[in-house]
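What follows is a short report on a single structure.
What follows is calculated from the coordinates using simple rules that are stated; it is not laboratory data. Values in this document were obtained by computation on a predicted structure and should not be read as measured data. For neighbour counting, all protein chains shown are included, and Cβ atoms are generated from backbone atoms with ideal geometry for every residue, glycine included.
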Amino acid sequence: GSWQQALCMAAQLNLTKDQLAGLGRTLAGKLVEQRKHSDAATVLEQYAQDYEEAVLLLLEGAAWEEALRLVYKYNRPDIIETNIKPSILEAQKNYMALLDSQTATFNRHKNRLLVVRDLKERAQQVNLDNELPQGQESDLFSETSSVMSGGDTSSRYSHSNSRISARSSKNRRKAERKKHSLKEGSPLEDLALLEALSEIVQSTEKLKEEVYHILKVLFLFEFDEQGRGLQKAFEDTLQMMERSLPEIWTLTHQQNSATPVLGPDSTANSIMASYQQQKTSVPVLDAELFIPPKINRKTQWKLSLL
C-alpha cells in the first residue's frame, strides 16, 4: 500500500507522538526493503524526528544532494566529514570495481561467442560435405513436401492462435529462456551468451544517471582525481561495448538464423543445408535476442569540469 495513506490514517486516529514515530520507523523499514531510500528518509525525518538516520539512508540510496540538504538544514556540517565524504569515496570505488567486472565479463562472453559461432559454422560445413546416407533422400524430400503442404492447414488455425494473450507469450518466452545455459558445449550456448551480453550492455547504459550524480558530488568536495578516474573508466567501458556491437550482433548471423528451409529455387544441397541448420535453429521466441541493445550517445552524463 501507500505509505502516505498509512500516515494519513494515523493522523485521523490521533496517534501519540511515540506511536507515530514507531509507525514511521516500521514504514521506513518496509520502504528500504523496496529500495525506496528517499521515501524512507522522508518518513524518518518528518514522523520519527530522526534526521541522522534519514541522512544515513539517503547516503545508502546514493541521494547525495538530499543528504546534504538535511545536513545543512539541521546545522550538522560535522556529518559531512564523518559520513558523507567517506560514503562518496566508497561509492566511487564500488563503481570502479563494477566497471572492471562488467568489462571482464563482457569480453569473456564475447570471445566465447566468437569461438562457439566458429565451431557451429565448421560443424555445418562438415554436414554439407558429407553425403546423405542411401535411402534418406526420399525421407528428406517427403518431409519437405509435407512442410510445404502444411501451409494451408496452418492458416486454419491462425484466427484461434491470434487469441493467445501477451501474458501467455511472455510465459512461453520465459520457459524457452530457461533452456539457455552458459555452460560450455550446451546446445544453445550462443543464445545464452548473446542474452548475457545484451543484459550487460543494458545495465551499463542504465548507470549513466547514477554516475553523473556521483561525479557532481566528487567535484563538489574536490575529489577531482577520483572523479576523473571514474569518468574515464565509464567512458572507456561504454566505447568498448559500442565498438563490439557490430561484431556481436552481425547481420550475417541474423540472416542465418532466419534462413528459409524451402523455396522455389531450392536444390538438393540447399535443402540439405537448411535441414541440418533447422535441427539447431534459433527458436522463434528468441528472435529478439538478435536485436542489438542501444547505447544512447545523446544522454548527458559526463562532467566537463573534471
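Values computed for the structure shown
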item: Ascending count of other beta-carbon atoms within 10 Å, so fewest first, for I84, I291; result: I291, I84
item: Förster radius 45 Å - calculated FRET efficiency between L128 and L98 (Cβ-Cβ, nearest 0.05); result: 0.50
item: For the stretch 3-76, Kirkwood radius (reciprocal of mean inverse C-alpha pair distance, Å); result: 12.3
item: Estimated FRET transfer efficiency (N296, L89; beta-carbon r; R0 35 Å; 0.05); result: 0.75
item: Inter-label distance for L305 and E210, nm, one decimal - labels placed 7 Å from Cα along Cα-to-Cβ; result: 2.3
item: Over 22 Å between alpha carbons, listed pairs K232/K298; K183/K294; K216/K294; K206/K232; K30/K208; K120/K206; result: K183/K294; K216/K294; K30/K208; K120/K206
item: Backbone N under 11 Å from the E242 label point (7 Å along Cα→Cβ), restricted to the stretch 209-226; result: none
